[in-house]
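Working notes, beginning with the structure itself.
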Amino acid sequence: MSQQHAHASRLSVEDYLANEDGADIRHEYIDGDLYAMTGASRQHVLITLNMVAHLRPLLRGTPCQLFANDMKVRLKIAEQDIFYYPDLILTCDPDDRETYYCTRPCLLVEVMSESSARIDRREKLLAYQTLPSLIEYLLVDQYLRRIEVYRRAQGWALEVCTEGAVRLDCLGIEVPLEVIYEDVPAPADRRPAA
């Protein structure tokens, strides 16, 4: 989802969390500044739901918890508090149980739109790398059958997956691209009109 800068007043973390609880519009938070989150496309929602439907049954009986869209991840970078809303968060740390956010995810997934791609590839990639628990970060293209994978074990070097399955080291599994893109319109039918 893309972001739009909200009003200029700076909020404390406590006020931000209180205001986000039940809010109609979600905001990402960067050191007191708010950025409104825009709505998601049909492709975006289908991709997210496909991943949740595939992964959730695999987590039963494990300490792992999977969250889609409405759970935040909290970071602390250079004394700045940051809260992002990844499209998917997987945390397997039994101590990572705050009510409104995670701090120790092993997997983060963003479904990219044209308006969010730059932020997802730069700002969020760099920010997420500061999480010691993070094993991998996936960027799922909603217009092409293409997933960008960044793994700690590979020094955060870019891997591109366009066929077959994407490996999730965090869970020791592979997820077929056919599952991720199930019922998502073909690429030629998906790119928004200019």
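The values are calculated or read from the model by the stated rules, or taken from the named source; none is laboratory data. Being a predicted model, the structure only gives us computed values, none of them experimental. Every residue, glycine among them, receives a Cβ derived from its backbone with ideal geometry; neighbour counts consider all protein chains shown.
Quick notes
- Looking only at region 73-102, residues that are assigned to a loop (DSSP other than H, G, I, E, B) and buried (at least 21 other Cβ atoms within 10 Å of the Cβ) come to 3 in all.
- One residue from LEU139, LEU134, LEU125 being closer than 21 Å to ASN50 by Cβ and either free of Cβ contacts under 8 Å to residues at least 12 places away in the same chain or not basic (Lys, Arg) (or both): LEU139
- Checking TYR35 against (1) at pLDDT 95 or above; (2) of a type in the set (Phe, Trp, Tyr); (3) part of a strand (DSSP E or B), the condition it does not meet: (1)
- Test: residue in region 105-122 that is surrounded by fewer than 18 Cβ atoms within 10 Å (Cβ to Cβ) and either acidic (Asp, Glu) or more than 29 Å from ASP183 (Cα to Cα) (or both): yes
- Among the numbered conditions (1) touching a helix residue (DSSP H, G or I) at 6+ places or on another chain (Cβ under 6 Å); (2) modelled with pLDDT under 95, the only one that VAL140 does not meet is (2).
- Evaluating THR99 against the criteria (1) hydroxyl-bearing (Ser, Thr, Tyr); (2) touching a residue at least 24 places away in the same chain (Cβ under 8 Å); (3) over 22 Å from ALA53 (Cα atoms) leaves one unmet condition, (2).
- Only residues that are modelled with pLDDT of 90 or more, surrounded by fewer than 19 Cβ atoms within 10 Å (Cβ to Cβ) and outside any loop (DSSP other than H, G, I, E, B) were counted in region 1-29, giving 6.
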